[in-house]
1. What is the gain in length, in nm to one decimal, between residue 259 and residue 136 on full extension, counting 0.36 nm per residue of separation less the C-alpha to C-alpha distance?
2. Would you mind checking the pairs 56/294; 294/428; 56/195; 140/195; 140/294 and listing those with alpha carbons more than 30 angstrom apart?
3. So if R0 is 30 Å, what FRET efficiency would residue 513 and residue 224 give, r being the distance between their Cβ atoms, rounded to the nearest 0.05?
4. Evaluate E = 1/(1 + (r/R0)^6) for residue 330 and residue 425, where r is the Cβ-Cβ distance and R0 equals 35 Å; express this FRET efficiency to the nearest 0.05.
5. Give, in nm to one decimal, the length gained when the segment between residue 450 and residue 290 is fully stretched (0.36 nm per residue of separation minus the Cα-Cα distance).
6. With the full set of protein chains in place, find how many percent of the accessible area of segment 53-301 is carbon and sulfur; take the probe as 1.4 Å.
7. Just to verify a number: FRET efficiency for residue 244 and residue 416, C-beta to C-beta distance, R0 = 30 Å, to 0.05?
8. Heavy-atom accessible area of residue 65 with all protein chains present, probe 1.4 Å, nearest 10 Å²?
Amino acid sequence: MSRHIHIVASGDDAARVPLLTSHLELASLDSDEGEVIFERSIGDNANDVQRSTQRKRTYEEAVEDAGFGLFHGLLLVVCGWANASDAVEIVCVSFLLPTARCDLHLSSSDMGLLTANIFLGMMIGGYMWGYLADQRGRQKVLVMSLTVNGVFGALASFAPRFWLFLLLRFISGVGVGGSIPVIFSYFSEFQPRLKRGAMISALATFWMAGNILAAGLAWLVIPRTWVRFSLGGLDFQSWRLFVVLCSVPSLTSALIFSLAMPESPRFLMEAGRETEALHVFCRMFAINHRGSLKTFSICGLHIPSEKKERETRRGGTHTRCFVNLKQGLAPIRQLFVGELASRSVCLVVIFYCISFGYYGLWMWFPELFKRAEDGGSPCANVSRLQSDDNQSCYPVKTAVYIEGFVTAASNLPGNIFTILLMDVIGGKALLCCSLLLSSVSVFLIYEVKTKAQSLLISCVFSGVSVVAWNSLDVLGTELYPTQLRSSALGFFTGIGRVAAIMGNIVFGQLVDTNCVIPVLLVSALLLTGGITALRLPRTKQAELT
């Protein structure tokens, strides 16, 4: 039985219909499965159905007309894999510390610098890539940033010296900093309004998948003593193979985006590229309604009159550099003007507090687990580790990686909770509550006396704090207009990277002397972030502007 998808085009837009066939073919609508029928209506002879489609669609209406289904499921998997790849690149450093510190001759201060280094790259890359995504498009920037992440992450495994390893990890961090904010902007701009909160929460759960993947790879690879050979003058051990494997998700994500993924229709509309946006909406409709007789009307899109203008500026090299710098900083100024100012200040405080606390503590969990291996508080075993530092790296104890795996998996309840309740409760309420509960759980680390208690508190902190991150992902996309969205997320994640750098340096400096101080500081900052979140506006099921 043949299958028909009717695409109705009226008026001047009838001339555009032939341009859509290639995109419908991308959706596998070929002659073997059915036929595509284009109905044209021209002038005053259009029937009643066609007259009803004469009005141009706004972005939100076009997204609703395209439907919700298989396309969004595939989009979730592809974007989720990219999100997971970023998580793998970030947390893999923390799993290296118990073994790589001996091979690279690292002190605790060096380890703090290593964990902070990737966040420095993310801080620089976050705003740079975010600005480019708002100017040049989301899809292109994702391909470039994911490629930088994967290539330089893999090259780091062959670094024979600490300084070179540090440099390559920094460049990898520049790539990670671009894909994190842009992937959420890109993904959100395909989602219907009523589904957006739940879908962004679902995308955020892939961060947990990345954590679990990194912990599982570390558990399977790093303890294997047979993975060791000489490569020139380099002693290639199991942790170096682990670094190579951690780069695979980023490289595969870059390949998928370059070959199969369309540009964001919201970006195309804002850029005035109406025909290309129509192509994307038709592709979404065709995939979502495979086997259906539903009709998709193509009568044009309502492009805002204030759409972005791109002018070619003339002048010398110095003039162009000045103009580019001025244009690059312009979105930051806009974030602190008018009604956006108060929410931007709040988000600066919140991103700083949660990033200092989460990354400062999370990146050190494997090392703290190692210090608690013989029982007792992680902060109570410092003198033993300092006196027997090199011998403690080998043989590798698998318990450290098992505990890291369990801690990563403890994100699951928090992720399920946010998927189910994000559109019911709203991001603001979830953010406030989760930050306050995270503060309490971190404070309890101060009272830890046994290894089991350390693991339990770590799991509680992990499960609760992920709700805060998921809420921020939703709020960040809904609080700002399209022309500022990626730049805003890039800027705020950049603020978070500064905090993550400071958190890791503070832990590195104090973990061997008095680790109680950074633990209590993290608790206080999370409390501050939770209180600040009360001043954010509600955005539950808000339309994207």
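1. Working it through step by step, the gained length comes to 42.5 nm.
2. Beyond 30 Å between Cα atoms: 294/428; 140/294.
3. So the FRET efficiency works out to roughly 0.30.
4. Calculated value: 0.50.
5. Taking 0.36 nm per residue and subtracting the Cα distance, the gain is 51.9 nm.
6. 68 percent
7. Rounded to the nearest 0.05, the efficiency is 0.40.
8. Around 60 Å² of this residue is reachable by solvent.
The values are calculated or read from the model by the stated rules, or taken from the named source; none is laboratory data. Model, not experiment: these values are computed from the prediction. Cβ: placed from backbone, ideal geometry, glycine included. Neighbour counts: every protein chain shown. Note: accessible area is taken over every heavy atom of the protein model, side chains too, but ligands, DNA and RNA are not part of it. Shrake-Rupley method; radii C 1.70, N 1.55, O 1.52, S 1.80 Å.
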